[in-house]
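Derivation of every value follows stated rules applied to the coordinates shown; laboratory data play no part. In this text the structure is predicted, and so the values were computed from the model without any measurement. Counting neighbours? That spans all protein chains shown, and the Cβs are built from the backbone with ideal geometry, glycine included.
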Amino acid sequence: MILPELYIAPTGERGRGVYTSIDIARDTVIEVSPVIVMSRAERKLLDQTLLHDYIFEWGPDKKDCCMALGYVPLYNHSYRSNCEYEMDFEGQLITIRSVRYIQAGEEVMINYNGDWNNETPVWFDVRD
């Protein structure tokens with residue numbers, strides 16, 4: 001499930017991103033995406049490709065990885081994100097939910113650390 005009002009557009013230095021054409025209230029589920037889970041061995045291979053930038057660590061020990069379908073791989077990172085993601089390991093799903101009001105035309109962003117307000121530097125350390 002993806003809100004039909006979401007769309008992909010260029011972001012400038014970040015390539016592409018996800019935007020909304022409507023205002024979104026806090027605590028709104030904006031996407032539920034199935035994932036393809038891959039093993040530790042497959043992750044080592046993916047880490048040698050461009051897909052490394054689009055996969056998520058997966059499982060309680062974070063040794064596996066997954067590729068989310070839908071728009072999830074295109075949400076850009078922000079230390080002050082307007083959404084967060086929740087992983088459902090059993091259901092093999094990632095849910096994107098707003099953590100604050102999002103204005104129409106605004107880029108929809110997640111914090112790659114998992115928690116929307118976690119300021120731990122990420123591997124590419126983009127500060128915004």
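Can you pull out the trypsin sites (Lys or Arg not before Pro) in segment 1-82 that DSSP calls coil and that have at most 12 other Cβ atoms within 10 Å? Of the trypsin sites (Lys or Arg not before Pro), the ones in loops of segment 1-82 whose Cβ has at most 12 other Cβ atoms within 10 Å are 26, 62, 63, 80.
As a proxy for reagent exposure, 18, 32, 37 were ordered by neighbouring Cβ count within 10 angstrom, fewest first; the result is 37, 32, 18.
Dipole magnitude for the chain: computed about the Cα centre from +1 point charges on Lys and Arg Cβ and -1 point charges on Asp and Glu Cβ, it is near 200 debye. Over all other residues within a Cβ to Cβ distance under 13 Å of residue 89, the charged ones net out to -4, with Lys and Arg as +1 and Asp and Glu as -1.
Using a cut-off of 15 Å between beta-carbons, work out the net charge of the residues near residue 48 (Lys and Arg +1, Asp and Glu -1, residue 48 not included). Spelling it out: positives minus negatives among the neighbours equals 0.
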